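Here is the structure we will look at, set down as structure tokens.
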Amino acid sequence: MIRVGIIGATGYAGQQLVWLLHQHKSTEIIFLSSYSYADHSFSDIHPQYDRFLENVCINIQSIENKLHEIDLLFIALPHGKSFEITKKALNLGVKVIDLGADFRLKNPLSYEKWYGLQHSCINLLSASVYGLPEIHRKAIKKAQLIANPGCYPTASILALAPILKHGLIDTKSIIIDAKSGVSGAGRKASIPTLFAECNESIKAYGVGGHRHTPEIEQETSNIYGKEITLSFTPHLIPMNRGILATCYINLKEKQSQEDLYILYKDFYKDECFIRIRKNLPETKWVKGTNLCDIGLCVDERTGRVIILSAIDNLMKGAAGQAVQNMNILFGLKETEGLELLPMNP
């Protein structure tokens with residue numbers, strides 16, 4: 001059994017992680033920790049666990065005394081909160097999967113620019129592995145520290161990877177228009193995500209400066225082999241969960257839709273969670289799963305290809321991907337605990 005601890009267990013991503021690990025046959029939850037709900041029963045905060053999971057959430061000060069009891073630490077905290085506990089866990093030989101942003105960007109100056117904080121664990125950045133299994137599986141297997149990707153970057157990078165790898169596009173033309181459900185903003189109460197504020201409306205935010213932009217540029221540049229600068233605009237839509245990323249790109253040369261479809265099918269032929277769809281993706285067909293559905297359309301009139309990618313932001317965009325990384329890290333079947341299909345209606 002893999003003994004795990006979860007910091008930030010009561011947030012949306014943390015709770016989704018608890019849900020998955022509670023049903024995972026190869027894990028044992030040793031402790032749950034919460035900044036906001038220390039000393040409260042987890043099932044009091046999330047009543048669906050009543051009689052099934054009665055762990056009392058420990059406070060942050062108690063975590064250090066529990067680290068020697070676990071093999072793997074999951075951290076689901078806001079940026080800037082993972083540095084010290086990550087160092088302590090790694091020093092004790094505990095592997096870490098961080099669902100936050102603190103170890104995703106390899107350049108500490110980029111982190112400081114986009115997140116407004118100095119990075120206090122620069123020495124760990126070279127050792128951290130960006131946890132997108134479809135791109136970095138070999139490195140994940142050997143990792144001690146995994147930086148779980150952001151939700152928007154997951155959808156966007158998976159959409160772009162095959163066509164970038166084959167060098168078929170004008171990389172200066174990339175525009176990503178992405179839309180997310182409200183759970184992407186987290187569980188903390190805030191006016192913009194109140195029902196009356198976001199229902200019956202759609203709005204863009206972080207225009208020209210969203211923090212996921214450098215993450216997407218870093219990984220797409222690595223895939224392409226040269227530096228990429230792109231435009232990324234996220235939108236908030238009035239649904240609980242799901243992301244649809246629509247990517248617009250100019251083709252270098254004429255390509256048929258069928259040829260690109262075959263290219264994508266071949267690139268992801270061994271990937272258990274990627275589905276290349278001839279029907280364009282919808283979020284409801286991936287909701288509650290670790291799947292990523294990708295579809296594309298060649299606009300012959302403009303010479304552009306439009307690539308669409310749909311994920312559940314709390315699953316493949318957060319907790320599901322974290323469990324996928326755990327399975328790889330510990331040599332388990334990659335789909336263990338994640339063999340879920342969407343429930344509809």
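No lab work stands behind these numbers, since they all come straight from the coordinates. From a predicted model like this one, the values you see are computed outputs, not experimental measurements. Ideal geometry is used to build each Cβ from the backbone, glycine not excepted, and the neighbour counts take in all protein chains shown.
Please sort 239-248, 253-262 by packing, taking for each peptide the average over its residues of neighbouring beta carbons within 10 angstrom, highest first.
Values: 239-248: 21.8, 253-262: 13.0.
Those peptides, ordered most packed to least, come out 239-248, 253-262.
Ranked from highest to lowest mean number of other Cβ atoms within 10 Å per residue, what is the order of the peptides 188-197, 317-326? Write down the numbers at each step before the final one.
Working: 188-197: 10.4, 317-326: 27.8.
Ranking the peptides 188-197, 317-326 by packing returns 317-326, 188-197.
Based on the alpha carbon coordinates of the range 2-127, what radius of gyration and maximum Cα-Cα distance (Dmax) apply, in Å?
14.9, 47
Figure the gain on full extension for Lys265 and Glu84 (residue separation times 0.36 nm, minus the Cα-Cα span) and round it to one decimal in nm. Mind showing how you got there, number by number?
Details: separation 181, 0.36 × 181 = 65.16 nm, distance 4.21 nm.
Value of the extension gain: 61.0 nm.
Is it possible to state the helix-based mean residue ellipticity at 222 nm for the chain, with each DSSP H run of 4+ residues giving -39500 (n - 2.57), the sum divided by total residues, to the nearest 500 deg cm²/dmol? What is it?
-8000 deg cm²/dmol
Full extension from Asn91 to Ser201: what is 0.36 nm times the residue separation minus their Cα-Cα distance, to one decimal in nm? Show your work: numbers first, answer last.
Working: separation 110, 0.36 × 110 = 39.60 nm, distance 4.76 nm.
Gain on extension, Asn91 to Ser201, equals 34.8 nm.
With the dipole of the chain worked out from charges on the C-beta (+1 for Lys and Arg, -1 for Asp and Glu) around the Cα centre, which of Thr246, Ser126, Tyr224 lies farthest toward the positive end?
The residue sitting most towards the positive pole is Tyr224.
Could you pull the Rg and Dmax for the range 252-320, using just the Cα atoms, both in Å?
Cα-based Rg and Dmax for the range 252-320 come out at 13.2, 40 Å.
Taking the range 141-276, how many lysine pairs are there with alpha carbons less than 12 Å apart, if each pair must be eight or more places apart or span two chains? Walk me through the numbers before you get to the answer.
On the way: Lys165/Lys226; Lys172/Lys226; Lys172/Lys252; Lys179/Lys203.
Close lysine pairs found across the range 141-276: 4.
Tell me, what is the percent relative contact order of the range 152-313, built from C-alpha pairs under 8 Å that lie six or more residues apart?
Values: 326 pairs, mean separation 49.9, N = 162.
Computed over the range 152-313, the figure is 31 percent.
If you stretched the chain out fully between Met239 and Phe330, how much longer would it get, using 0.36 nm times the residue separation minus the C-alpha to C-alpha distance? Before the final figure, lay out the partial values.
Details: separation 91, 0.36 × 91 = 32.76 nm, distance 3.47 nm.
Contour length minus the Cα-Cα distance gives 29.3 nm.
Report the Cα centroid-to-centroid distance between the range 161-207 and the range 302-319 in angstrom, as an integer.
What the calculation gives is 10 Å, centre to centre.
Report the Stokes-Einstein translational diffusion coefficient (µm² s⁻¹, integer) for the range 75-197, Rh taken as the Kirkwood radius over Cα pairs, at 37 °C with viscosity 0.692 mPa s. Mind showing how you got there, number by number?
Values: Rh = 16.5 Å.
My calculation gives 199 µm²/s for D.
Given Cβ point charges of +1 (Lys, Arg) and -1 (Asp, Glu) and nothing else, what value in debye, to the nearest 20, does the dipole of the chain about its Cα centre take? Show your work: numbers first, answer last.
Working: 37 positive and 35 negative charges, 88 e Å.
With only Lys, Arg, Asp and Glu charged at Cβ, the dipole is about 420 debye.
Counting only the backbone N, which residues of the range 158-192 are under 12 Å from the spot 7 Å out from the Cα of Lys226 toward its beta-carbon?
Under 12 Å, as judged by backbone N against the label point of Lys226, lie 167-173 of the range 158-192.
Percent of Cα-Cα pairs more than 28 Å apart in the chain, please.
Working: 23965 of 59340 pairs.
Of all Cα-Cα distances in the chain, 40 percent exceed 28 Å.
Give me the distance in nm between label points sitting 7 Å out from Cα along the Cα-to-Cβ direction at Asn107 and Arg301, one decimal.
Placing both labels 7 Å along Cα→Cβ, they lie 3.8 nm apart.
In whole Å, what is the distance between the alpha-carbon centres of the range 90-131 and the range 215-270?
25
Taking the mean number of other Cβ atoms within 10 Å as a proxy for protection, how do you rank 149-155, 199-205 from highest to lowest?
Those peptides, ordered most packed to least, come out 149-155, 199-205.
Please report how many Lys pairs in the range 2-127 have alpha carbons closer than 15 angstrom, counting only residues at least 8 apart along the chain or sitting on separate chains. Provide the component values of the computation, followed by the final result.
Numbers: Lys66/Lys87; Lys66/Lys88; Lys66/Lys95; Lys87/Lys95.
Eligible lysine pairs with Cα atoms under 15 Å apart amount to 4.
Run the numbers on the chain and let me know its relative contact order in percent, using alpha-carbon pairs under 8 Å that are six or more apart.
Working: 735 pairs, mean separation 58.6, N = 345.
After rounding, I find 17 percent.
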